[in-house]
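Have a look at the structure below before the remarks.
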Amino acid sequence: AGFALATAGLGSAVVLNLIFWTALLVSIPLRGVNPLYVTAALLGLAIMLIVALLVVGLQHGQGRAERFLHWLGGKLRFHPDTAISALRQIGQRLEELTEDRALLKRVVLWASLNWLLDAASLYVFILAFGGSLEIDALLIAFGLANIFAVIPITPGGLGIVEGVYIPTPVGF
């Protein structure tokens, strides 16, 4: 069950990045390019690529991925063998997910609904406090906060989310 949740979590992260990038593509012609947009988009892309490369590397028995995780484990003080095992199982789950199209569609649908309803909740609270925000700006602020929350500086993104959620809508 834990690995099924992790697999769905990866799918959910991909959906969040797609929502964010779509909002960026809509917003850039309307508002121009902001360096924070580029930073968040590149950070989200880098995180997704690193995880994808590690999963694929471990699935195909490449030693580079294992050596990288051993090096990272030494730097961040976690047990690399546990991470290697978890990523291999996640890779197997991802293979199962991509083979089962009906399940993949359900994961994408529910992840999309989850993120969009969370963003709608943020919008309701902004309205409740007398603010207003265009939908593209809302989705960018929401995406930025949740993408930056992945950075493992604080537990669960504590303080990171708030540090992005507050100034970004005000900036818009």
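So which residues in the range 45-73 are open to solvent by less than 60 Å² (accessible area, probe 1.4 Å), over 21 Å from the mean Cα position of the chain (by Cα) and modelled with pLDDT of 75 or more, if there are any at all?
Gly73
Return only the number of the condition from (1) at pLDDT below 75; (2) more than 30 Å from Ile166 (Cβ to Cβ) that Leu103 does not satisfy.
Of the numbered conditions (1) at pLDDT below 75; (2) more than 30 Å from Ile166 (Cβ to Cβ), the odd one out for Leu103 is (1).
Going by what's in this entry, would Ala86 be described as modelled with pLDDT under 75 and in a helix (DSSP H, G or I)?
Details: modelled with pLDDT under 75: yes; in a helix (DSSP H, G or I): yes.
Considered against the rule, which asks whether it is modelled with pLDDT under 75 and in a helix (DSSP H, G or I), Ala86 comes out as yes.
With Leu42, Leu18 as the choices, which residue is open to solvent by 90 Å² or more (accessible area, probe 1.4 Å) and modelled with pLDDT of 80 or more?
On the way: Leu42 fails: modelled with pLDDT of 80 or more.
Leu18 is the lone residue from the list that is open to solvent by 90 Å² or more (accessible area, probe 1.4 Å) and modelled with pLDDT of 80 or more.
Report, ordered by the first and then the second residue, all pairs with beta carbons closer than 8 Å, sequence separation of six or more or different chains, a first member in the range 119-134 that is closer than 19 Å to Arg31 by Cβ, and a second member that is not in a helix (DSSP H, G or I).
Tyr123/Leu133; Ile126/Ser132; Ile126/Leu133; Leu133/Phe172; Glu134/Phe172
The values are calculated or read from the model by the stated rules, or taken from the named source; none is laboratory data. Treat the numbers as computed from the prediction; the structure is a model and nothing was measured. Methodologically, a virtual Cβ is constructed for each residue, glycine included, from the backbone with ideal geometry; neighbour enumeration extends over all protein chains shown. Accessible surface is based on the protein model in full, side chains and every heavy atom, while ligands, DNA and RNA are left aside. Shrake-Rupley method; radii C 1.70, N 1.55, O 1.52, S 1.80 Å.
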